[in-house]
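Accompanying notes for the structure given below.
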Amino acid sequence: YNPLNPTPGEMEPNPSWTAADFEFIEFQNTGASALDLSNARIDDALTYTFPAATSLAPGARILVVANLAAFSRRYATAGLTIAGEWTGSLDNSGEQIKVYDGRGEEILEFSYGDWYSPTDGDGYSLVFRDPAGTLYSDWGLRTNWGISATTGGTPGAGDTGYSMGYD
């Protein structure tokens, strides 16, 4: 839906939705074998537990979203793997995120900040630049993150056109 140029007969989005309803987190398997996400969970900033028997093929991506109805309204979801909706919310000023495997062992912990103003309400996504080539201990560094090349980001696809500055 484009509020500036609606298609005749097109429904307006739910007026109660906010920018936070369109947020998503994307995971990518950068390894060479399938990744078992069964009962893995995201915690701290938000909460989500992957269903049992969730597996991610090498190179594949999976999304966890704030509001599935809002996300589906904004993005073409055909071909996307959406695990489900999280509970809680992401803080635009930054916070900590932890990811645990299905046994409850922490596999990733990092903090992000209010590093780039376009990712704070202007519709651009915060994009991790090199997930396969970055040490886990460096995920919380601003230099490893950038601004999506397009508003809304590119859920389900790589964002090779990210930037670290904005005009």
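The values are calculated or read from the model by the stated rules, or taken from the named source; none is laboratory data. Since the structure is predicted, the reported quantities are computational estimates derived from the model, not experimental observations. Don't worry about glycine lacking a Cβ; one is built from the backbone with ideal geometry, like all the others, and counts go over all protein chains shown. With ligands, DNA and RNA removed, areas are computed over all heavy atoms of the protein, side chains included. Shrake-Rupley method; radii C 1.70, N 1.55, O 1.52, S 1.80 Å.
So, residue 42, is that one β-branched (Val, Ile, Thr), surrounded by 19 or more Cβ atoms within 10 Å (Cβ to Cβ) and under 19 Å from residue 159 (Cα atoms) or not?
No: the conditions fail for residue 42.
If you scan segment 131-166, which residues turn out to be open to solvent by 50 Å² or more (accessible area, probe 1.4 Å) and either at pLDDT below 90 or touching a Pro at 6+ places or on another chain (Cβ under 6 Å) (or both)?
Scanning segment 131-166 gives 132, 136, 149, 150, 151, 160, 162, 164, 166.
Could you list, in sequence order, the residues of segment 51-78 that are more than 25 Å from residue 18 (Cα to Cα) and assigned to a loop (DSSP other than H, G, I, E, B)?
Once the filter is applied, which keeps residues that are more than 25 Å from residue 18 (Cα to Cα) and assigned to a loop (DSSP other than H, G, I, E, B), segment 51-78 yields 51, 52, 53, 54, 57, 58, 59, 60.
Quick one: what pairs do we get from segment 129-140, first residue under 16 Å from residue 159 (Cα atoms), second part of a helix (DSSP H, G or I), C-beta under 6 Å, 6+ apart or different chains?
From segment 129-140, the pairs are 129/144.
Please work out which residue is farthest from residue 24 (Cα to Cα), limiting yourself to segment 93-126 and to residues that are under 15 Å from the mean Cα position of the chain (by Cα) and β-branched (Val, Ile, Thr).
Taking the candidates together, the pick is 99.
In segment 61-87, which residues are surrounded by fewer than 14 Cβ atoms within 10 Å (Cβ to Cβ) and touching a residue at least 40 places away in the same chain (Cβ under 8 Å)?
69, 79, 87
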